[in-house]
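Trainee: There's a structure below that I have some questions on.
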Amino acid sequence: MGNDNLISYEELRKIQALERDNKTLYKIDDTFFNRVKEYLAIKKKLIEQNKNSDNIFAKESVFTAEIELKNANKIIVDLASRRVRKIVMQALTNIYSRAHDTERMLNFEERFYYKILEELRTYIETFLSNFDESKQSLEIKKSEGEFLLIRFLEDVPKFAWKDGNDYGPFGKEDVANLPKEISEFLISQSKAVLMEVEDN
């Protein structure tokens with residue numbers, strides 16, 4: 001990757017500000033990680049090459065690079081923290097929703113989001129299943145749209161279903177609780193297998 005695509009410290013701070021000031025995820029493009037890694041590598045190389053120099057300008061460049069490197073790492077951690085909070089909150093809000101806006105998520109974030117949804121649904125259903133009255137309401141909820149828990153045998157890209165919703169992408173060994181019709185289709189195509197869930 002050439003230096004024309006190298007991210008700058010100012011751009012990194014701008015992305016942090018956009019992530020901080022918006023309730024929704026800031027859309028990061030697929031080149032972000034490589035650009036940041038190259039930026040960090042260049043700063044580290046500059047420091048290593050000039051750290052023992054007696055030249056006043058070299059010393060100043062090392063001092064500046066060290067500050068930028070330290071702050072850049074803080075920004076990266078802050079970005080990760082803010083994004084994971086937003087993803088978790090979105091999952092909490094959309095536990096039983098059939099429409100999920102994952103347009104601004106990176107591929108691994110989208111897989112993480114759907115895994116959180118499954119864990120949240122499993123927790124709620126397990127919790128409610130311990131109460132007789134809740135069991136009845138849970139069965140009503142399930143009857144509105146039956147789901148099957150499946151495990152993927154291969155990577156499956158995002159796809160549109162006839163209900164008008166998009167599903168995926170899913171990675172090999174991912175577990176998902178999908179509408180019965182979709183689950184049965186994926187199983188019939190040998191892309192997934194049904195997972196048995198033990199009743200309490």
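Taken together, the values in this text are just the output of simple stated rules run on the coordinates, not laboratory data. Quick caveat, the model's predicted, so the values are computed rather than measured. FYI the Cβ positions are ideal-geometry reconstructions off the backbone, even for glycines, and counts take in every protein chain you see.
Trainee: What is the helix-to-structure angle for 9-21, meaning the angle in degrees between its Cα long axis and the longest Cα principal axis of the chain, kept from 0 to 90 and rounded to the nearest 10?
Mentor: Helix 9-21 sits at roughly 30 degrees to that axis.
Trainee: Choose one of Leu69, Thr24, Ala58: the residue whose Cα lies farthest towards the positive end of the charge dipole of the chain (beta-carbon charges +1 Lys, Arg; -1 Asp, Glu; about the Cα centre).
Mentor: Final value for the positive-end residue is Ala58.
Trainee: According to a simple spin-label model (label point 7 Å from Cα along Cα-to-Cβ), what is the distance in nm between Leu153 and Glu103?
Mentor: Each label point lies 7 Å from its Cα, and together they span 3.5 nm.
Trainee: Name the most mobile residue of Lys14, Lys162, Lys37, meaning the one with the largest mean-square fluctuation, in a Gaussian network model of the chain with Cα contacts below 10 Å.
Mentor: Highest fluctuation of the listed residues: Lys162.
Trainee: Any idea how far apart Arg121 and Ser61 come out in nm if each label point goes 7 Å out from Cα toward Cβ?
Mentor: 5.6
Trainee: What does segment 1-129 give for Rg and for Dmax, in Å, if only its C-alpha atoms count?
Mentor: 19.8, 72
Trainee: Okay, moving on. Give me the log10 of I(q) over I(0) for segment 41-112 at q = 0.15, 0.25 Å⁻¹, as the Debye formula computes it from C-alpha points; what are the numbers?
Mentor: -0.64, -1.06
Trainee: Okay, next question. Once R0 is set to 41 Å, what does the formula 1/(1 + (r/R0)^6) return for the Cβ-Cβ distance between Val77 and Phe185, expressed as a FRET efficiency to the nearest 0.05?
Mentor: 0.50
Trainee: Still on this structure, I have one more. Label Ala17 and Glu48 with points 7 Å out from Cα along Cα→Cβ: what is the distance between them in nm?
Mentor: Here the modelled spin labels are 3.3 nm apart.
Trainee: Across the chain, where is the longest run that never hits chymotrypsin sites (Phe, Trp or Tyr not before Pro) in a DSSP loop with at most 13 other C-beta atoms within 10 Å?
Mentor: 1-95
Trainee: Still on this structure, I have one more. Among the lysines, which fall within straight-line cross-link reach of Lys27, defined as a Cα-Cα distance under 21 Å, with same-chain neighbours fewer than 8 residues apart omitted?
Mentor: List returned: Lys14, Lys37, Lys74, Lys86, Lys115, Lys158.
Trainee: I've got another one for you. What is the extension gain from Phe33 to Val193, computed as 0.36 nm multiplied by their sequence separation minus the C-alpha to C-alpha distance, in nm to one decimal?
Mentor: Extra length from Phe33 to Val193 when fully extended: 54.2 nm.
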